[in-house]
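Read through the structure below, which is laid out as structure tokens, and then see the notes.
All of the numbers you see were taken from the coordinates with simple rules; none came from a lab. Note that the structure is a prediction, hence the values are computed from the model and not measured. Here Cβ is always computed from backbone atoms with ideal geometry, including for glycine, and neighbour counts include all displayed protein chains.
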Amino acid sequence: MSLQNKNILLCITGSIASYKSVDLYRRLKKEGANVKIIVSASAGKFISPYIFESFGEEVFSDDAFKSPLSHIALSKFADVILIAPATYNTINKLAAGIADTLITLTVAASPDKIKVLVPAMNPNMFANKILKDNLNKLAKHNFYVVSPGTGNAACGDFGEGKFPEIEDIICDIEPVFKEKTLKGKRVLVTAGATREYLDPVRFMSNGSSGKMGISLANEAIKAGAEVTLIALNIDMPHKYINRRIKIINRSGFSDFKEALLTEFKKCDTLFMAAAVSDYGFKEKSPVKIKKSGNAGAGGILNVELIQNEDLLKAVSEIKKEGQTVFGFAAETDSIIENGRKKLSEKSLDYIFINDVSKDIIGGDENEGFLINKAGEIKRFEREPKASLAEKIIRDIAAQ
Ligand code: CTP
């Protein structure tokens, strides 16, 4: 896990969102982090430090005078100081260099440490120019700001300022510890499955969920890339997609092809994880096909299929110097042999062969083989798609 054994000092300041820091704390622990906590005096009015003590944590009160050298010890402990939620008051105080509480003192004692701010406040307060100027100022001094969510604030006002989703915060903290191996790179990922319509209601597709592609897109963001995801019929609400990823939604083969060819020209690396239909219907009925009157003898309805172009091959043919094309293969038998054949026939830089005989389609885990164009082969044992994606990104960034 990426936060394994990392020391995180969680500083909770007083906002209606303070209670969400409990979920954040639990998630940090789940990721393997060591967490120490400071609860500010006003946060203590929203949540009780006893919650964290019940989990066995030592909780520090924000009283600067309680223990004279706590701020130095806490600063030494922290790999990252995470202020979540960070209020309007705390952010502006930090920017002014004020150090009158344990939280602000610890930050003052940690100029070289990464500080992550998770602002949470009313949208008008978040839009306040004083705050914006101070956030910009802090960004120049090792402070990283997690953008708040947009929605209805506790008071009912709509806008930017909500405490973000826990997953978004984790996703923004993880890169702090990661090498930015893809910094400055533009990565294009395709994920999901195309749909080929027979009539306005029926379509032909496959069980690809898009999880492998989404995992690659999330990991590429963490490695510092600018990422575009062409999402084919993905059930978005049930999947975590980093909000910094640009998403282009497409469904059928032709619309997908048009988006792919446009976006491919702008990228450095393409991960073609989408399951593209090899065939489409020769004719699409403009009206729903009725069951009576259409079937022939024995209730058989004949439809003709026509082969679709291979898009991966098409992009490889227009590939420019410096671009990398990473393809996938779904195989049930002779998997290495078939994978090698696809790598060479489609002129790929890499291919990842999924052994789909092993019940991986639509699941959370994957396994298979990575082959590069020099023919080197690497086996990946079964593991969650997210950690597999992390390894793949690390591998190709190193080559
Ligand atoms: N692919 C593509 N266009 C298609 C079919 C597949 O670009 N019309 C891409 C997929 O996105 C994947 C790779 O080709 O990255 C391999 O797909 P796969 O389904 O394993 O193989 P096919 O080339 O379609 O061959 P076959 O179905 O005969 O195994």
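Worth pointing out:
- Least to most buried among 303, 276, 189, 39 (fewest other Cβ within 10 Å first): 303, 276, 39, 189
- If you run the Gaussian network model on the chain, springs between alpha carbon atoms under 10 Å, then out of 103, 230, 300 the most flexible one is 300.
- Across segment 7-177, Cα pairs under 8 Å and at least six residues apart give a relative contact order of 22 percent.
- Note: relative contact order over the chain, using C-alpha pairs below 8 Å and six or more positions apart, is 11 percent.
- Choice from 106, 150, 228 showing the highest fluctuation, given a GNM over the chain with Cα pairs closer than 10 Å: 150
- Chymotrypsin sites (Phe, Trp or Tyr not before Pro) restricted to DSSP loop in segment 164-258 with at most 11 other C-beta within 10 Å: none
- Of the residues 186, 26, the one with the fewest other Cβ atoms within 10 Å heads the list, and the complete ranking is 26, 186.
- Scattering from the chain was approximated by placing one identical point on each alpha carbon and applying the Debye formula without solvent; log10 I(q)/I(0) at 0.07, 0.09, 0.13 1/Å stands at -0.43, -0.66, -1.07.
- Of the residues 204, 121, the one with the fewest other Cβ atoms within 10 Å heads the list, and the complete ranking is 204, 121.
- Between residue 278 and residue 249, the FRET efficiency from the beta-carbon distance, with R0 = 22 Å, is close to 0.50.
- Computed FRET value (nearest 0.05) for residue 261 with residue 23, which takes r as the C-beta separation and R₀ as 45 Å: 0.60
- Taking Lys and Arg as +1 and Asp and Glu as -1, the other residues whose beta-carbon sits under 14 Å from that of residue 210 total +3.
- Across segment 186-398, the relative contact order, built from alpha-carbon pairs under 8 Å that are at least six residues apart, equals 21 percent.
- Kirkwood analysis of the Cα pair distances in segment 186-398 returns a hydrodynamic radius of 18.0 Å.
- Charge sum, other residues only, whose C-beta stays under 9 Å from residue 36's C-beta, Lys/Arg counted +1 and Asp/Glu -1: -2
- Amide N proximity, segment 132-156 versus residue 124 label position 7 Å along Cα-to-Cβ, cut-off under 18 Å: 132, 151-156
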